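Enquirer: Quick one: the structure is below, questions incoming.
All of the numbers you see were taken from the coordinates with simple rules; none came from a lab. Please read all numbers here as calculations on a predicted model, not as lab measurements. Heads up, the Cβs are rebuilt from the backbone with ideal geometry, glycines too, and the neighbour counts pull from every protein chain shown.
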Amino acid sequence: MANKRMFSKEITNTDRFQSLKISAQALYFHLGVNADDDGFIGNPLSITKCIGATTNDLKILVENGYLIPFNGGVYLITDWFINNYIRADRRKPTIYQEFYSMVRCDDNQRYVICPSVDIPMVDPDKSSIDKSSTEEMSIEGRAPGQQTTRRFCPPSVSEVKEYCLEHEYPVDPERFIDYYDANGWKVGRNPMKDWRAAVRIWVKNEKQGDSVRNVPDFSAWADEISKGGELS
């Protein structure tokens, strides 16, 4: 996990940010310092209490679009990638993968909720940081044994570009997006569930000499991708 955290003047020097209560501004900085490498904070109430802020400051940050709340007391910093750049070899993926699957980065590198994902309003005043409440929730913010369904969200061009650069995949992100937009984000006859797996399949087929005009029939790997599997 990267040890350094940064803050962009594009966010903190705006009149909008500086018009917030001083305690809310301070909380934003402390949350940013303590977030994981994807911008998630799993102990916001502990941090709030530690610096003498209040749950109302959390609400202010949410209402002004600086935080995205999730069940289980987990929050995500909206402008994480505007503030921070973390090298791929130092980045540790968040443990909150269920929540990570519900968001995407827009063209301005801000986290936004995927279309069709309904995230309930979270009231910090009704959250608890005592031991009994945290033991009732898993690290993904749900009760142990509770079944969840991951919803697929099509990636943005910038997400595909970042993923391909990180893994040095020779893929044109716009062409990849255009193709799957056109076919309704399906793999063979099945709805796609993991676009990263589709990128890997795309790379494999291009290495085998398949023409992009004749985009490979991924039906042979449809079950594998629909399960989020790795390439064999």
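Enquirer: What is the spin-label model distance, in nm, from VAL112 to ASP178 if the labels are put 7 Å beyond Cα along the C-beta direction?
Expert: 2.1
Enquirer: Taking a label point 7 Å from the Cα of ARG16 along the Cα→Cβ vector, which residues of the stretch 75-89 have an amide N closer than 16 Å to it?
Expert: 77-83
Enquirer: Using R₀ = 25 Å, calculate the FRET efficiency as 1/(1 + (r/R₀)^6) where r is the Cβ-Cβ separation of MET6 and ASP89; round to 0.05.
Expert: With R0 = 25 Å, the Cβ-Cβ based efficiency is 0.90.
Enquirer: Give me a comma-separated list of calculated 3J(HN,Hα) values for the stretch 39-48, in order, Karplus coefficients 6.51, -1.76, 1.60 applied at θ = phi - 60°, integers in Hz, x for any Gly or Pro.
Expert: x, 8, 10, x, 10, x, 6, 5, 5, 4
Enquirer: Related question: Please tell me which of these pairs span more than 21 angstrom C-alpha to C-alpha: LYS161/LYS193; LYS21/LYS59; LYS92/LYS161; LYS21/LYS49; LYS59/LYS193? Walk me through the numbers before you get to the answer.
Expert: Details: LYS161/LYS193 19 Å; LYS21/LYS59 12 Å; LYS92/LYS161 19 Å; LYS21/LYS49 16 Å; LYS59/LYS193 33 Å.
Beyond 21 Å: LYS59/LYS193.
Enquirer: Another question, if that's okay. Can you check what the net charge comes to around LEU165, using other residues whose Cβ is under 12 Å from the Cβ of LEU165 (Lys, Arg +1; Asp, Glu -1)? Could the numbers behind the result be given before it?
Expert: Values: positive: ARG87, LYS161; negative: GLU159, GLU162, GLU166, GLU168.
Charge balance in the 12 Å sphere: -2.
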